[in-house]
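Trainee: One structure coming up, written as structure tokens, with questions to follow.
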Amino acid sequence: MKNKDFNKYGHKLVDWMSNYFKEIENYPIKPNVKPGDIYKQFPSKAPLNKESFETIFNDFKKIILPGITHWQNPNFHAFFPANNSYPSVLAEMLIATLGAQCMMWDTSPSATELEERVVDWLKDELGLPSSWKGVINDTASIGTICSLLTAREIKSNFSINKSGYNTNKYTVYTSKEAHSSVEKAVKIIGLGSKNLKKITTNKDMSMNIESLESNIKQDLSTNSIPLAIISTFGTTGTVGLDSINKISLIAKKYSLWHHIDAAYAGSALLLNKYKKYVKNINLADSFVFNPHKWMLTNFDCSLYYAKNHEALVKSLEIYPEYLKSSEKKINNYKDWSIQLGRRFRALKLWFVIRSYGIKGIKKYLKKHIKYAKNLSIEIDKDKNFELTAPQNLNMINFRFYPKNKDKSNLNDINHKLIKKLNKTGKIYLSHTKIDDIVSIRMPIGSTYIKRKHIEKSWKLIKEISNSII
């Protein structure tokens with residue numbers, strides 16, 4: 001492709017992208033395809049000869065789009081928000097154009113120094129300790145791995161990286177509602193999933209503090225070595241809020257590393273009313289949250305903060321001759337995480353913060369929280385539905401509970417309801433289980449959502465529910 005063609009088709013794609021956002025509600029949110037439907041439309045061999053851009057783009061529209069789940073549709077309420085925004089998308093175009101490898105200061109000074117600045121901006125706005133340092137990763141899973149790696153190395157006096165394990169008795173504690181990435185992390189760093197203690201929860205789905213401390217004491221009485229606690233500010237299933245302030249005190253009492261997973265709900269800490277939940281955060285050791293979930297920044301962009309960033313770097317740094325820097329007093333972010341290659345993620349975060357301002361982002365968060373609160377009131381008033389968990393932030397958990405019908409198969413009924421709703425293409429919902437009860441999850445976090453979308457979704461849910469009993 002020549003530059004003039006790039007210019008021509010670049011404008012064509014931007015026009016298509018703009019129309020996509022305008023017309024996104026016209027697409028079925030969840031594609032009506034079966035496994036293999038997309039795959040079999042591709043030729044069995046790679047093309048030997050070049051093809052025109054028109055042909056490629058037409059196949060994108062003909063083959064790819066019918067199999068896409070449209071996460072940016074304002075009626076998408078499954079899993080978690082993965083929102084974007086116009087400024088973020090435009091920045092992503094620049095990131096791709098620059099094609100910069102931002103692994104160290106020498107390879108792109110602007111990328112390193114902008115990253116340092118924007119993570120400091122958000123550190124201050126979230127209310128994190130001023131001495132903490134941050135880095136932008138792809139996902140919160142990487143932050144959790146880096147956190148536990150650092151905890152492991154500190155506890156072993158940095159011997160495991162050099163000599164390997166001489167014990168497999170380190171234990172990690174988290175809630176049974178914690179994200180699955182915690183269990184994956186303990187596997188990856190060699191602790192073993194059997195040494196992850198999943199603590200029971202309270203009625204509000206927060207970690208049970210008494211059970212946590214009891215497990216720590218029990219392990220201390222054996223040959224086990226308590227290593228770390230992973231608390232959660234906003235669990236995936238219900239956006240449950242662990243008692244982070246109390247957990248911080250327990251971690252300090254027993255000299256355990258304390259990592260706070262706020263991947264989903266951490267954006268809410270921009271709002272002053274939620275800062276009380278982490279007032280003891282200065283006692284914790286690390287914190288992670290994802291602007292790519294609920295802060296207008298498209299995937300991937302995850303911020304990881306550490307109290308002891310020197311220990312983080314010591315746990316991960318490596319200096320082959322070809323990566324030695326000409327500068328000394330700088331952040332080489334390749335040593336702050338697992339990957340060597342790094343994208344220029346800070347640019348889109350910078351575009352978003354400057355385009356909306358902190359005030360605008362706060363307004364956006366408050367709108368979603370208000371929508372969720374109002375809908376939860378409507379659900380609670382309806383005789384055929386009930387809330388299945390306390391309503392937190394922008395998440396609602398509920399189920400269909402027909403009052404005058406047989407309730408012996410409520411789980412099956414709710415599975416059927418979700419399936420029929422998703423098949424309409426007008427909404428997308430997912431579920432979790434709360435004490436073996438199938439619960440419909442409805443996070444409200446789309447960039448483009450308005451009150452009318454909430455009203456339309458609730459009307460559709462009630463209409464479909466009437467057809468399955």
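The values are calculated or read from the model by the stated rules, or taken from the named source; none is laboratory data. Not measured: the values here are computed from a predicted model. Cβ atoms come from the backbone with ideal geometry, glycine included; neighbour counts cover every protein chain shown.
Trainee: Just to check your reading of the model, which residue among Lys197, Lys169 is under 26 Å from Phe80 (Cβ atoms) and either among the charged types (D, E, K, R) or touching a strand residue (DSSP E or B) at 6+ places or on another chain (Cβ under 8 Å) (or both)?
Mentor: After applying the criteria, what remains is Lys197.
Trainee: Of the residues that sit in the range 195-213 and are in a helix (DSSP H, G or I) and at pLDDT 95 or above, which one is surrounded by the most Cβ atoms within 10 Å (Cβ to Cβ)?
Mentor: It comes out as Leu212.
Trainee: Thr235 passes all but one of (1) of a type in the set (Val, Ile, Thr); (2) in contact with a helix residue (DSSP H, G or I) (Cβ under 9 Å, 6 or more places away or on another chain); (3) surrounded by 16 or more Cβ atoms within 10 Å (Cβ to Cβ); which number fails?
Mentor: Against the list (1) of a type in the set (Val, Ile, Thr); (2) in contact with a helix residue (DSSP H, G or I) (Cβ under 9 Å, 6 or more places away or on another chain); (3) surrounded by 16 or more Cβ atoms within 10 Å (Cβ to Cβ), Thr235 comes up short only on (2).
Trainee: How many residues are within 19 Å of Thr447 (Cα to Cα) and crowded, with 20+ Cβ neighbours inside 10 Å when one looks only at the range 88-107?
Mentor: 3
Trainee: Within the set of pairs 6+ apart or on separate chains, which have a first residue in the range 285-304 that is modelled with pLDDT of 95 or more, a second that is surrounded by fewer than 24 Cβ atoms within 10 Å (Cβ to Cβ) and among the basic types (Lys, Arg), and C-beta atoms under 7 Å apart?
Mentor: Pairs that qualify, where the first residue is modelled with pLDDT of 95 or more and the partner is surrounded by fewer than 24 Cβ atoms within 10 Å (Cβ to Cβ) and among the basic types (Lys, Arg), are Asp285/Lys307; Ser286/Lys307.
Trainee: Here's another thing I want to ask about it. Looking only at helices (runs of 4 or more DSSP H) that lie completely in the range 99-194, which have at least 2 residues being hydroxyl-bearing (Ser, Thr, Tyr)?
Mentor: Numbers: elements: 109-126, 140-155, 160-163, 180-188.
Counting at least 2 such residues, we get 109-126, 140-155, 180-188.
Trainee: With respect to Pro31, determine if the residue is surrounded by 16 or more Cβ atoms within 10 Å (Cβ to Cβ), without any contact (Cβ under 8 Å) to a residue 40 or more places away in the chain and of a type outside the set (A, V, I, L, M, F, W, C).
Mentor: When the stated conditions are applied, Pro31 passes them.
Trainee: Hey, another quick one. Could you give every pair whose Cβ atoms fall below 6 Å, whose first residue belongs to the range 426-451 and is in contact (Cβ under 8 Å) with a residue 12 or more places away in the chain and over 11 Å from Asn414 (Cβ atoms), and whose second residue is part of a strand (DSSP E or B) and aromatic (Phe, Trp, Tyr), counting only separations of at least 6 or pairs across chains?
Mentor: The qualifying pairs are Tyr428/Phe76.
Conditions (1) among the hydroxyl-bearing types (Ser, Thr, Tyr); (2) under 22 Å from the mean Cα position of the chain (by Cα); (3) farther than 14 Å from Tyr304 by Cβ, marked per residue:
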{"position": "Glu125", "(1), (2), (3)": "no, yes, yes"}
{"position": "Lys133", "(1), (2), (3)": "no, yes, no"}
{"position": "Glu153", "(1), (2), (3)": "no, no, yes"}
{"position": "Glu177", "(1), (2), (3)": "no, yes, yes"}
{"position": "Lys198", "(1), (2), (3)": "no, yes, yes"}
{"position": "Leu212", "(1), (2), (3)": "no, no, yes"}
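Trainee: Here are some conditions: (1) in contact (Cβ under 8 Å) with a residue 12 or more places away in the chain; (2) within 30 Å of Asn298 (Cβ to Cβ). Ile199 meets all but one. Which one does it not meet?
Mentor: (2)
Trainee: Given the condition within 24 Å of Gly237 (Cβ to Cβ), in contact with a Gly (Cβ under 6 Å, 6 or more places away or on another chain) and not β-branched (Val, Ile, Thr), answer yes or no: does some residue in the range 394-409 qualify?
Mentor: yes
Trainee: Could you say whether any residue in the range 15-31 is assigned to a helix (DSSP H, G or I), in contact with a Pro (Cβ under 9 Å, 6 or more places away or on another chain) and not aliphatic (A, V, I, L, M)?
Mentor: Yes, the range 15-31 contains at least one residue that is assigned to a helix (DSSP H, G or I), in contact with a Pro (Cβ under 9 Å, 6 or more places away or on another chain) and not aliphatic (A, V, I, L, M).
Trainee: Let me ask another. If you check His431, His453, which single one turns out to be in contact with a strand residue (DSSP E or B) (Cβ under 8 Å, 6 or more places away or on another chain), within 23 Å of Ala265 (Cβ to Cβ) and not β-branched (Val, Ile, Thr)?
Mentor: Matching residue, one of His431, His453: His431.
Trainee: Another question about this same structure. Tell me, yes or no, whether the range 47-59 has at least one residue that is within 21 Å of His11 (Cα to Cα), modelled with pLDDT of 95 or more, out of contact with any Leu (no Cβ under 6 Å at 6 or more places or on another chain) and charged (D, E, K, R).
Mentor: Yes: the range 47-59 contains one or more residues that are within 21 Å of His11 (Cα to Cα), modelled with pLDDT of 95 or more, out of contact with any Leu (no Cβ under 6 Å at 6 or more places or on another chain) and charged (D, E, K, R).
Trainee: Looking at Ala185, Ala178, Ala140 in this structure, which one is modelled with pLDDT under 95, touching a helix residue (DSSP H, G or I) at 6+ places or on another chain (Cβ under 6 Å) and crowded, with 22+ Cβ neighbours inside 10 Å?
Mentor: Ala185
Trainee: Listed residues Asn409, Asn392, Asn384, Asn374; which is more than 30 Å from Gly67 (Cβ to Cβ) and without any contact (Cβ under 8 Å) to a residue 12 or more places away in the chain?
Mentor: Selected residue: Asn409, the only one of Asn409, Asn392, Asn384, Asn374 that is more than 30 Å from Gly67 (Cβ to Cβ) and without any contact (Cβ under 8 Å) to a residue 12 or more places away in the chain.
Trainee: Is there a residue being modelled with pLDDT of 95 or more, out of contact with any Lys or Arg (no Cβ under 7 Å at 6 or more places or on another chain), small (Gly, Ala, Ser) and over 30 Å from Thr112 (Cβ atoms) anywhere in the range 215-231?
Mentor: Yes, there is a match, as at least one residue in the range 215-231 is modelled with pLDDT of 95 or more, out of contact with any Lys or Arg (no Cβ under 7 Å at 6 or more places or on another chain), small (Gly, Ala, Ser) and over 30 Å from Thr112 (Cβ atoms).
Trainee: Moving on. Among what's in the range 77-87 and is more than 16 Å from the chain's Cα centre (by Cα) and not polar (S, T, N, Q), pick the residue that is farthest from Ile444 (Cα to Cα). Steps first, please.
Mentor: Filtering the range 77-87 for residues more than 16 Å from the chain's Cα centre (by Cα) gives 85-87.
Narrowing the set further to residues that are not polar (S, T, N, Q) leaves 86-87.
Working: Tyr86: 19, Pro87: 21 Å.
Going through the qualifying residues, I end up with Pro87.
Trainee: Every residue in the range 366-394 that is among the aliphatic types (A, V, I, L, M), surrounded by fewer than 22 Cβ atoms within 10 Å (Cβ to Cβ) and out of contact with any strand residue (DSSP E or B) (no Cβ under 8 Å at 6 or more places or on another chain), please.
Mentor: Ile369, Ile377
Trainee: Identify, by number, the condition in (1) surrounded by fewer than 23 Cβ atoms within 10 Å (Cβ to Cβ); (2) over 28 Å from Asn272 (Cβ atoms) that Val172 doesn't meet.
Mentor: Here Val172 clears every test but (1).
Trainee: Looking at the range 215-223, is at least one residue within 24 Å of Lys252 (Cβ to Cβ), hydrophobic (A, V, I, L, M, F, W, C) and touching an Asp or Glu at 6+ places or on another chain (Cβ under 6 Å)? It would help to see each step written out before you state the result.
Mentor: Step one: filter the range 215-223 for residues within 24 Å of Lys252 (Cβ to Cβ), giving 215-223.
When the remaining residues are screened for being hydrophobic (A, V, I, L, M, F, W, C), the result is 216, 220.
Narrowing the set further to residues that are touching an Asp or Glu at 6+ places or on another chain (Cβ under 6 Å) leaves none.
Checked against the condition, which is being within 24 Å of Lys252 (Cβ to Cβ), hydrophobic (A, V, I, L, M, F, W, C) and touching an Asp or Glu at 6+ places or on another chain (Cβ under 6 Å), the range 215-223 yields no hits at all.
Trainee: Quick check on my filter: what residues within the range 239-286 are farther than 27 Å from Lys373 by Cα and touching a Phe, Trp or Tyr at 6+ places or on another chain (Cβ under 6 Å)?
Mentor: Listed by number, the list holds a single entry, Asp285.
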